[in-house]
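Report on the structure given below.
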Amino acid sequence: MDTSQHPNNEARKLAEGLKRKGISDKRVLAAIGNVPRHLFIDERLAEYAYLDRPLPIEKG
């Protein structure tokens, strides 16, 4: 993740992008806009946390 960008701003940008792609459920958009995604993925992938793309997850 670009450390010059605040995670909340990046999450909101992601939610806005998903809205433009047709996601309309306000609860989903609120969750995407508020969840600190970078905390749930491997640190090495943090720069990709707020992109609309799949990321690998650990087994278990």
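Some values worked out for this structure:
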| item | result |
| --- | --- |
| Cβ pairs under 7 Å, 6+ apart, first in segment 18-40 and among the small types (Gly, Ala, Ser), second surrounded by 16 or more Cβ atoms within 10 Å (Cβ to Cβ) and part of a helix (DSSP H, G or I) | 33/11; 33/12; 33/15 |
| Residue that is modelled with the highest pLDDT [pool: residues in segment 1-12 that are surrounded by fewer than 15 Cβ atoms within 10 Å (Cβ to Cβ) and not in a loop (DSSP other than H, G, I, E, B)] | 9 |
| Matching residues, segment 34-60, being assigned to a helix (DSSP H, G or I) and of a type in the set (Ser, Thr, Tyr) | 48 |
| Filtered residue count, segment 14-44, keeping only those that are exposed (fewer than 13 other Cβ atoms within 10 Å of the Cβ) and not acidic (Asp, Glu) | 13 |
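The values are calculated or read from the model by the stated rules, or taken from the named source; none is laboratory data. As the structure is a computational prediction, the values presented were derived from the model and not from experiment. Because the Cβ atoms are built from the backbone with ideal geometry, glycine has one as well, and the counts that use them run over all protein chains shown.
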